[in-house]
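The values are calculated or read from the model by the stated rules, or taken from the named source; none is laboratory data. As the structure is a prediction and not an experimental result, all values here were calculated from the model. Virtual Cβ from ideal backbone geometry, glycine too; neighbours counted across all protein chains shown. Ligands, DNA and RNA are stripped out before the accessible areas are found, and what is left, the full protein with its side chains, is counted by its heavy atoms. Shrake-Rupley method; radii C 1.70, N 1.55, O 1.52, S 1.80 Å.
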Amino acid sequence: MLARDARADGAFFFAVRSTQVYCRPSCPARRPLRTNTLFFQTPRDAEKEGFRPCRRCKPDQIPAAVRIVQHAAQVLESDLDEPANVGSLARTMGVSADKLRRAFRQQTGLTPKELAAALRLRKFKNLLREGRSITDALYATGYGSASRVYERSDAHLGMTPATYQKGGKGMKIKYTTTKSSLGEVLVAATERGISAVYLGEAVPKLVGELREEYPLAEISAENGVFSQWVDEVVARTEGNAPRRELPLDLQATTFQRRVWQELQKIPRGTTRTYGQIARAVGKPRAVRAVARACATNPVSIVVPCHRVVRADGNLAGYRWGLSRKEQLLERERGART
């Protein structure tokens, strides 16, 4: 709040007793005294206590950058056949290309092209789950040919489209959940090793995400078979040094595997930039591809994608929230001192 960090907008709100106004963390108004400041999780919480929204930062309204990204997503999703071009997309929306780029960078960490790819993939998945043939799903989502999906199948689906179409049929996945200081932790594994590590606030949502990915897999709660793996994962969320090796059972492209292996080499309590990782894997120009590999990492904590930052040292997107990424880094740094 003191730094007026816009990345915290929406995560919490602060109110000032003396003015009876509540604001976003990024509000340009002068900072109040700590003794006059209260914090709330939502605007409704602040208003229940009698505070009114600030007229400068308008905390009760959706930020302009969020509206731009939402509008862009609607435009892109309406015509997935057309390649995403920032200039044409900006003209369609009636905003400048620079403003569009800034909104995407601030709110998603993605480019419009990357968002379009994600939307196309989501539609492709949904069509397969609805029972459409792979060929129909391919052309309905603008892929044009099967090779474009199959060459990326490990990266985006975790399996081939045919296996994904079967909803993970034949797979046996066990999971367990436990509490940590970062919230709920879900660890899922096959008999060969860990396949997923999810962080969140609600167990049903985490389990739902696992079932959504593999609707026909044999998914069940485990009975303590891999409790040692779970204990190790939780210990690492507290910043502790690894005590044992954790076996992994992951589907990945060669490039993804190289990136994830490089992430595991980053010393605890330190960070690397996306560019440094790209150079380390021998692909200095593949910075965005490295970012995508980090974003698709299914086993957070074990493969520490939270240790990768932007070139300017600022934190970039993290599937489980920037707040958790920041806490993980702080804990690891503290454990080293």
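Among the residues that make up segment 247-266, is at least one of them in a loop (DSSP other than H, G, I, E, B), farther than 23 Å from V185 by Cα and not β-branched (V, I, T)? Checked segment 247-266: at least one residue is in a loop (DSSP other than H, G, I, E, B), farther than 23 Å from V185 by Cα and not β-branched (V, I, T). Just give me the residues in segment 311-337 being assigned to a loop (DSSP other than H, G, I, E, B) and surrounded by fewer than 16 Cβ atoms within 10 Å (Cβ to Cβ), in sequence order. Hits for segment 311-337 are A311, D312, G313, N314, T337. One residue is enough: does segment 195-217 have a residue meeting the conditions closer than 23 Å to A335 by Cβ and open to solvent by less than 10 Å² (accessible area, probe 1.4 Å)? Checking segment 195-217: at least one residue is closer than 23 Å to A335 by Cβ and open to solvent by less than 10 Å² (accessible area, probe 1.4 Å).
Looking at segment 31-46 only, could you name the residues that are charged (D, E, K, R) and open to solvent by 90 Å² or more (accessible area, probe 1.4 Å)? Even if it seems obvious, please write down each step before you answer.
Start the filter on segment 31-46 by keeping residues that are charged (D, E, K, R), which leaves 31, 34, 44-45.
Within segment 31-46, R34, R44 qualify.
For Q256, the conditions (1) open to solvent by less than 30 Å² (accessible area, probe 1.4 Å); (2) under 28 Å from A335 (Cα atoms) are fulfilled apart from (2).
Determine if segment 126-140 includes at least one residue that is assigned to a helix (DSSP H, G or I), open to solvent by less than 70 Å² (accessible area, probe 1.4 Å) and modelled with pLDDT of 75 or more. Yes, some residue in segment 126-140 is assigned to a helix (DSSP H, G or I), open to solvent by less than 70 Å² (accessible area, probe 1.4 Å) and modelled with pLDDT of 75 or more. Kindly check whether there is at least one residue in segment 5-12 that is among the aliphatic types (A, V, I, L, M), in a helix (DSSP H, G or I) and under 30 Å from R122 (Cβ atoms). Checked against the condition, which is being among the aliphatic types (A, V, I, L, M), in a helix (DSSP H, G or I) and under 30 Å from R122 (Cβ atoms), segment 5-12 yields at least one hit.
For first residues located in segment 220-242 and hydroxyl-bearing (S, T, Y), partners that are assigned to a loop (DSSP other than H, G, I, E, B) and lie 6+ apart or on another chain with Cβ distances below 9 Å form the pairs T237/S181; T237/L182; T237/I301.
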